[in-house]
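Q: Here it is, the structure in full.
Just so it is clear, none of the values below were taken in a lab; they were calculated from the coordinates. Since we're looking at a predicted model, the values are computed, not measured. Glycine gets a Cβ as well: all are built from the backbone with ideal geometry, and neighbour counts include every protein chain shown.
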Protein chains: 6
Amino acid sequence: MTRKIEAVARAAVHPETEIIATSSKDGPPSIQGFLDVSTCVPGLLAEVARHPDVDAIVVACFDDTGVDAVRCLTTAPVIGVGEAAYHAAAMISPKFSVITTMSRSLPGLEANLMRYGLDRRCVRVRATDVPVLKLEEMDPGTLDKIRAEVKCAIEQDRAEAIVLGCAGMSDLMTQLSREFGVPVVDGVACAVTFAEALVKANLSTSKSCSYA
Amino acid sequence: MTRKIEAVARAAVHPETEIIATSSKDGPPSIQGFLDVSTCVPGLLAEVARHPDVDAIVVACFDDTGVDAVRCLTTAPVIGVGEAAYHAAAMISPKFSVITTMSRSLPGLEANLMRYGLDRRCVRVRATDVPVLKLEEMDPGTLDKIRAEVKCAIEQDRAEAIVLGCAGMSDLMTQLSREFGVPVVDGVACAVTFAEALVKANLSTSKSCSYA
Amino acid sequence: MTRKIEAVARAAVHPETEIIATSSKDGPPSIQGFLDVSTCVPGLLAEVARHPDVDAIVVACFDDTGVDAVRCLTTAPVIGVGEAAYHAAAMISPKFSVITTMSRSLPGLEANLMRYGLDRRCVRVRATDVPVLKLEEMDPGTLDKIRAEVKCAIEQDRAEAIVLGCAGMSDLMTQLSREFGVPVVDGVACAVTFAEALVKANLSTSKSCSYA
Amino acid sequence: MTRKIEAVARAAVHPETEIIATSSKDGPPSIQGFLDVSTCVPGLLAEVARHPDVDAIVVACFDDTGVDAVRCLTTAPVIGVGEAAYHAAAMISPKFSVITTMSRSLPGLEANLMRYGLDRRCVRVRATDVPVLKLEEMDPGTLDKIRAEVKCAIEQDRAEAIVLGCAGMSDLMTQLSREFGVPVVDGVACAVTFAEALVKANLSTSKSCSYA
Amino acid sequence: MTRKIEAVARAAVHPETEIIATSSKDGPPSIQGFLDVSTCVPGLLAEVARHPDVDAIVVACFDDTGVDAVRCLTTAPVIGVGEAAYHAAAMISPKFSVITTMSRSLPGLEANLMRYGLDRRCVRVRATDVPVLKLEEMDPGTLDKIRAEVKCAIEQDRAEAIVLGCAGMSDLMTQLSREFGVPVVDGVACAVTFAEALVKANLSTSKSCSYA
Amino acid sequence: MTRKIEAVARAAVHPETEIIATSSKDGPPSIQGFLDVSTCVPGLLAEVARHPDVDAIVVACFDDTGVDAVRCLTTAPVIGVGEAAYHAAAMISPKFSVITTMSRSLPGLEANLMRYGLDRRCVRVRATDVPVLKLEEMDPGTLDKIRAEVKCAIEQDRAEAIVLGCAGMSDLMTQLSREFGVPVVDGVACAVTFAEALVKANLSTSKSCSYA
């Protein structure tokens, strides 16, 4: 999955931007629900500490796990892929829905959206109940479940954009967007390009209090 | 002011990005309050129609006037400088305050923040009651008024970033940021770099319903 | 449509109240979505300027287009028909739903409700996808679509009053109210009687800041 | 106080509208805080039952005590003076503050505003801590306390209209409005003219569920 | 019903806690909707006054009728069974739904939830339209209606706990919890054990202002 | 600090309740801000796993760090001391303020309050900027800072109860409550008595989805 994410990131950034794709040395194999979210952060922080000279950091977990903690370690901009996807969706549509993997991730994602304020733009977070690691094989049944939720999001939620709520779904973006006629937003591409944007706009993480 | 905005934009984007800075042929000289907001849109739409081949459009008015209407004219991403500044501030600080020009602009800006959901991250919108056009001369009294509000935002609002709520304040960003030790966000730089980001991430304005 | 609105208004006010029904000399033939909303305001403001001596102004567009801008031109009370309908519905029912014409109007209406605070009383805004101008003919198919949405609003939304979200639906009010056993609120009647009420209560538009 | 309220009401309505001003036979002498609010309702309902043929009912207590219960007894429109004042203030200003009597009434008023949705338009509810019955004498000290709160509301809350949060303050409206240059809203005048408006607009209390 | 409530309360408290179960001498036979809510309070307050020496008071009506008024009469903690159930559900699940009796009670319960802030944790309040007094007989049809709503709450609302919104449903708790595999919360048990908790934690009702 | 917390807990529970006070074997010495919050959870989970047979778990960190993760490990009720204090304060006062240690903890606490819904009852979270470990010595200067914030909370925020936002402040509760005449709420006492309450009310953590 790290390689898949790296490829998506490289394809999105400007040629002069170097991508270092790395993953935590320990921690759970995937992050789904409160338990995984809580236990992966120390490994994430250690990995961040190993790369002190980067210009920006993207946390490529859709739960935006540890993003606030990473911000305490650096002045570089730090962006979660969930956060990036929501901000991007809000700039291209009045209302969006999110399609993620497991139902047990929903309360965490909904809490994030509320904290960001973007629950006001997100109609609903939907789960396919396809486990993250199952996404790697992407058999036809998996794809059908995702497509069924996209359909519901458009027809029932009146969503005008879809956020794919798992870094492992990145490669579906173009296909689903063409099929359903709405923008399909992948957090990895948004996060790396927003990271470039913040760097070019000369913005760094605030160190005046909470992230000091 | 168009030239000032153009310079800020050019300084922020990647070298391969071309900036076309243009302003409406008619409309009010500055946009402050409900009346200006309402009357400038036809001129804005005409100007947009004159440039059909651009990859993205930035509306460089902090009230984000006409942004939704422009989205109905194009599939290219369309970003307002107010909106861009709020999204950026939310990615680098837990809470921000906005410093704008006239008090009569406050209800419009607050309504925008509520619509975007980002009122949950913005502690307060503050007015200096310096008219937009007065900003061009930037005499010491004007600067002092702005600095006084930045101080209040940090001490009273506990803001950890400041959004400069007028395109005409762009050049103060570095100076104020250094003086007060918090990120100072200028919407023009954010909007052009976010526009680049959305283009690189292959995202376009949703045409499925509201912006069709 | 101006004549239809005029008749509804005249039927609702006290005999001593004179109604001047007029429509903008230019502007789009109907107002549906962000683009129409933005381009009709200059014509509206010009029309308002032609009648400087009125005691109150009703903007008879359900999107409440330009209401805040008109308030900047006068001390007389200014009321939009959308706004009036929502306030009235909130006084006679705990929860209401809105039935309007095109889906592309929904985000604008929802933003208005949120700005007024009355989204807390409105369960849902529903679209029939009957174009405004089609309402003038009111063939049986059109009426059926409206009745289907009223039924859903009562059964699914548990709405206890219905707001008809288009000035062109005014004449359906009595018929639908009788058929469904809930109050059906027409904004035109509410707006003209509320305008009378504000005048009798000696209230004028605040000129202390935003509408100065 | 009933006579004072009656005079304000009569001055506001159209000549053909008859006002019946009456007060509960038992119940507390004034209504301030949760205890008074709870004990006055049976007397209010009995009084309402004594006048079955009225076209509309105004509950002239700023806490809107018993308004929902009265709605269960009649199809006529029922309006509380608090509710009426908030709706009126929202139609003539972007933001208002409320000035009421005792601090112990604040949580009740704030809960009402939240239920109506109009907390989004009300910056703050302020108490003078002048007891309701003291208002009848209106000595200079009392007036000074009210004026001090109006001043704070304008300067600190940036309120653009003031709601006088007690039926006993009705006669101050014109004087304060002239002195401070903002509309000052009295609930009694608003409630009776809104009652006339709802009757003329052919609207009655919904009997489909909650008020059945 | 008082005896049923007493039995549930006694079963939940510590052995050294004495339960005095009493009901108002007058007032409506059951409390459903705004009218019952308003008329039962004087009888409730009289009953409270008859027991001045209790350590805590539980108001065993799911509408939390008169709870704030009772707080004005005593320094002892006062807890409504609705309130208690919502707080408990929020401590054992991320999201809950409420199942109550009549539809006409819904607006009152929703207003309570909003005032408590716990509407953010409650997905939906559902009515079975089984009258309170019908619950006493609990025939199979009644039980089926309740079970149908529990099922919808779990499947459609994604509720992870169920609050039984009527004191008369207390004895169903264990049965439904086992059948559906989610915690089923009864307000009576929660309110008496929370009352014990507040007493042991040395907390009393604040008398500094609103409840003075 | 663990001993201090243990003493407070023991004093609050019923005699038959056994308290096991333990602290994480590793992790930061105190928890203040995002970084500490993120790194202490694995140690907390390990400690929880060492005590599989407890009837309920209290997480005695005012940030409620890891509470949701612990809920995934057990069916026993799990309560954070922050959460417990907010729920208790909401049952004895209409509005409360929180006094905590460091400013950098504020965004985390505010996010918790919003997630619980209880931000609607909390006027403000205030920091004394006394470090947690400094509380242990509790010199006069420290106490004065806490008292100054309590005074502001009562006078400026109109708070009718105070929540002490740090487990290390528990022993100040009685003293401050007497001095200021408002209830002062300590989370440790509330959490252990609420844990007893949930156990007696037969409630366990929902395992149907998020905490499965």
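Q: Tell me, what is the percent relative contact order of chain C, built from C-alpha pairs under 8 Å that lie six or more residues apart?
A: Answer for chain C is 26 percent.
Q: Tell me the net charge near A:Gly141. Cut-off is 13 Å between Cβ atoms, A:Gly141 excluded, with +1 for each Lys or Arg and -1 for each Asp or Glu.
A: Taking every Cβ under 13 Å from that of A:Gly141, the sum is -1.
Q: Kindly write out, for region B:17-26 in residue order, the coupling ³J(HN,Hα) from the Karplus curve 6.51 cos²θ - 1.76 cosθ + 1.60 (θ = phi - 60°), rounded to whole Hz, with x marking Gly and Pro.
A: 8, 8, 9, 10, 9, 9, 10, 4, 6, 10
Q: Restricting attention to region B:122-152, which GluC sites (Glu not before Pro) occupy a DSSP loop and are surrounded by at most 13 other Cβ atoms within 10 Å?
A: B:Glu137
Q: Please report, in cubic angstrom per residue, the volume enclosed by the convex hull of the alpha-carbon atoms of region D:111-170.
A: Per-residue hull volume (Cα only) is 90 Å³.
Q: Now a separate question. Which entries of C:Lys134/D:Lys95; B:Lys4/B:Lys151; E:Lys95/F:Lys4; B:Lys134/B:Lys200; D:Lys25/D:Lys134; D:Lys4/E:Lys207 have Cα-Cα distances beyond 28 Å here?
A: C:Lys134/D:Lys95; E:Lys95/F:Lys4; B:Lys134/B:Lys200; D:Lys4/E:Lys207
Q: What angle do you read, to the nearest 10 degrees and between 0 and 90, between the alpha-carbon axis of helix F:2-12 and the longest principal axis of chain F?
A: With rounding to tens, the tilt is 90 degrees.
Q: Let me ask something else. How high is the relative contact order of region B:144-212? Use alpha-carbon pairs under 8 Å, at least six apart in sequence, and give a whole percent.
A: The normalised contact order for region B:144-212 reaches 25 percent.
Q: Using each residue's phi in region E:191-208, evaluate 6.51 cos²θ - 1.76 cosθ + 1.60 at θ = phi - 60° and report the 3J(HN,Hα) Karplus result to the nearest Hz, with x for Gly and Pro.
A: Result, ordered by residue: 5, 6, 6, 5, 4, 4, 4, 5, 5, 5, 7, 6, 9, 10, 4, 5, 10, 6 Hz.
Q: Here is a follow-up. Helix-derived [θ] at 222 nm for chain F: sum -39500 (n - 2.57) over DSSP H runs of at least 4, divide by residue count, nearest 500?
A: -13000 deg cm²/dmol
Q: Oh, and also: Of A:Gly181, A:Gly80, A:Gly33, which has the largest mean-square fluctuation in a 10 Å C-alpha GNM of chain A?
A: Comparing A:Gly181, A:Gly80, A:Gly33 in the GNM, the peak value goes to A:Gly181.
Q: Using a 10 Å cut-off on Cβ to Cβ distances, tally the other chain neighbours for every residue of C:99-105 and report the average as a whole number.
A: Averaged over the peptide's residues, the number is 3.
Q: While we're on this one: Around E:Val58, which amide H atoms from residues at least 5 apart in sequence, or from another chain, sit under 5 Å from its own amide H, with H modelled in the peptide plane?
A: Those lying under 5 Å, H to H, from E:Val58 are E:Ile79.
Q: Highest mean first, how do B:192-198, A:101-107 rank when packing is the count of other Cβ atoms within 10 Å averaged over residues?
A: Details: B:192-198: 27.9, A:101-107: 22.0.
My ranking of the peptides, most packed first, is B:192-198, A:101-107.
Q: Turning to a different aspect of this structure: Taking square-rooted eigenvalues a ≥ b ≥ c of the alpha carbon gyration tensor, is the protein assembly as shown rounded, prolate or oblate, where a/c under 1.5 means rounded and, failing that, a/b exceeding b/c means prolate? Show your work: numbers first, answer last.
A: Details: a/c = 1.39, a/b = 1.00, b/c = 1.39.
Rounded, since a/c falls under 1.5.
Q: May I pose another question? Could you please state, rounded to a whole Å, how far the C-alpha centre of region E:122-194 is from the C-alpha centre of region E:88-115?
A: 11 Å
Q: If you take every residue apart from D:Arg71 with its C-beta less than 13 Å away from the C-beta of D:Arg71, what net charge results, scoring Lys and Arg +1 and Asp and Glu -1?
A: Taking every other residue near D:Arg71 into account, the sum is -2.
Q: Would you look at the GNM of chain A, springs on alpha carbons closer than 10 Å, and say which of A:Ile162, A:Ile20, A:Ile146 moves the most?
A: Comparing A:Ile162, A:Ile20, A:Ile146 in the GNM, the peak value goes to A:Ile20.
Q: Mind checking region D:1-70 for trypsin sites (Lys or Arg not before Pro) that DSSP puts in a loop (not H, G, I, E or B) and that have at most 14 other Cβ atoms within 10 Å?
A: Filter output for region D:1-70: D:Lys25, D:Arg50.
Q: Over region F:54-100, one equal point on each Cα, no solvent: what is log10 I(q)/I(0) by the Debye formula at q = 0.32 Å⁻¹?
A: Treating every Cα as an identical point scatterer, log10 I(q)/I(0) equals -1.14.
Q: With the cut-off at 1.5 for a/c, could you classify region F:157-212 from its C-alpha gyration tensor as rounded, prolate or oblate?
A: prolate
Q: Taking H as built 1.01 Å from N, whose amide H comes closer than 5 Å to the amide H of A:Val125, not counting residues under 5 places away?
A: The answer is A:Val98.
Q: Turning to a different aspect of this structure: Excluding A:Leu164 itself, calculate the net charge of residues whose Cβ lies under 10 Å from the Cβ of A:Leu164, where each Lys or Arg counts +1 and each Asp or Glu counts -1.
A: Cβ neighbours under 10 Å give a net charge of -2.
Q: Quick one: work out Rg over Rh on the C-alpha atoms of chain C, Rh as Kirkwood radius.
A: Using only Cα positions, Rg/Rh for chain C is 0.94.
Q: Given axes a ≥ b ≥ c from the Cα gyration tensor, I'd like to know whether region E:100-207 is rounded (a/c under 1.5), prolate (a/b larger than b/c) or oblate.
A: Prolate, since a/c reaches 1.5 and a/b exceeds b/c.
Q: Other chains' Cβ within 10 Å of E:29-39 residues: what's the mean?
A: Averaged over the peptide's residues, the number is 5.
Q: Moving on. Using Stokes-Einstein with the Kirkwood hydrodynamic radius over Cα pairs, what translational diffusion coefficient do you get for region D:8-81 at 25 °C and a viscosity of 0.890 mPa s, in µm²/s rounded to a whole number?
A: Working: Rh = 13.0 Å.
Calculated translational D: 189 µm²/s.
Q: So which GluC sites (Glu not before Pro) in region D:1-108 pass both tests, a DSSP loop state and at most 14 other Cβ atoms within 10 Å of the Cβ?
A: The qualifying sites are D:Glu16, D:Glu18.
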